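Just so it is clear, none of the values below were taken in a lab; they were calculated from the coordinates. Since this is a predicted model, take the numbers as computed values, not measurements. Here Cβ is always computed from backbone atoms with ideal geometry, including for glycine, and neighbour counts include all displayed protein chains.
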Amino acid sequence: MSALLHDGGAVLGRHLQRIRHAPAMLVMTQTMPIVFLLFFGYVFGGALAVPGAEYRAFLVPGMLVATAANGIMTGMFTAAQDSHRGVMDRFRTLPMSRAAVPLGQAAADLVTTAVGLVPLLLVGLAMGWRIEGGPWEAAGAFGVLLLFRFAAAWVGILLGLASRSEEAAGQLGSATFMLPLLSNAYIPADGMPGWLRTVAEWNPISAVATAVRHLCGNAPVPADAAWPVAHPVAGALAWSLLVIAVCAPLAVRRYAHPKG
């Protein structure tokens with residue numbers, strides 16, 4: 001375990017140095033949520049069922065969760081880039097834990113996300129969003145959010161290692177922006193058609209978004225929703241832990257045996 005933590009810490013440092021010297025990806029992934037937040041909040045806000053400041057209070061937690069879901073895209077792109085440019089091959093020649101490389105990437109993504117959420121939170125506060133719950137509930141909300149980001153990063157790492165090229169990973173990663181649209185991140189699911197509402201409520205993003213809203217005191221929990229949304233904190237934790245339990249071992253195996 002100590003070797004894993006030591007080697008993972010070294011890979012974490014490598015990824016943080018990489019971001020510092022080439023921050024374009026970080027800037028893009030942190031700027032776009034702010035643009036979407038302003039666009040949805042001011043352009044669509046008045047036309048939706050939860051208008052004005054109330055909609056913005058509903059929207060900001062959803063946008064935070066949508067940003068966390070972007071870990072699939074960034075994880076996929078970074079893993080594919082390292083894999084197809086020979087970086088992973090060089091790591092495999094070193095006497096280090098096989099789990100350290102994907103773990104270090106996931107940890108680096110988590111650190112940069114925690115820092116990168118600050119501008120989005122500040123813009124949300126400027127738009128009128130407030131945390132209405134207590135400090136412990138707020139801390140729980142951000143814990144749930146970061147756990148989900150960690151899970152999303154593992155999905156991206158697995159897909160990136162399995163991709164056939166950087167271009168294919170980039171195209172598939174760009175398509176993941178559809179996932180928040182099929183959830184209650186931007187609009188309440190109870191106004192959707194029956195089949196679409198079912199899809200949205202079983203989307204893990206919906207459970208996490210509802211949990212963050214509930215813990216921040218921004219919106220009540222829907223009573224007639226599917227189980228993950230009707231029990232959002234338990235649902236969000238269950239989805240995140242399930243994704244990590246499935247994707248992390250598969251990603252480590254794919255890294256260790258790229259031809260398998």
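Counting helices only, and only those DSSP H runs with n ≥ 4, report the 222 nm mean residue ellipticity of the chain as the sum of -39,500 (n - 2.57) divided by its residues, in deg cm²/dmol to the nearest 500.
-24000 deg cm²/dmol
Magnitude of the Cβ-charge dipole of the chain, K/R +1 and D/E -1, about the Cα centre, nearest 20 debye?
Rounded to the nearest 20 debye, it is 820 debye.
State which helices in the chain qualify, where a helix is a whole DSSP H run, it must extend 15 Å or more along its own axis by its Cα atoms, and its mean Kyte-Doolittle hydropathy must be at least 1.6.
24-39, 100-126
Among Phe91, Val199, Leu103, whose Cα projects farthest towards the positive end of the dipole of the chain, with charges put on the beta-carbon of Lys, Arg (+1) and Asp, Glu (-1)?
The residue sitting most towards the positive pole is Phe91.
How big, in percent, is the set of alpha carbon pairs in the range 2-256 lying more than 36 Å apart?
14
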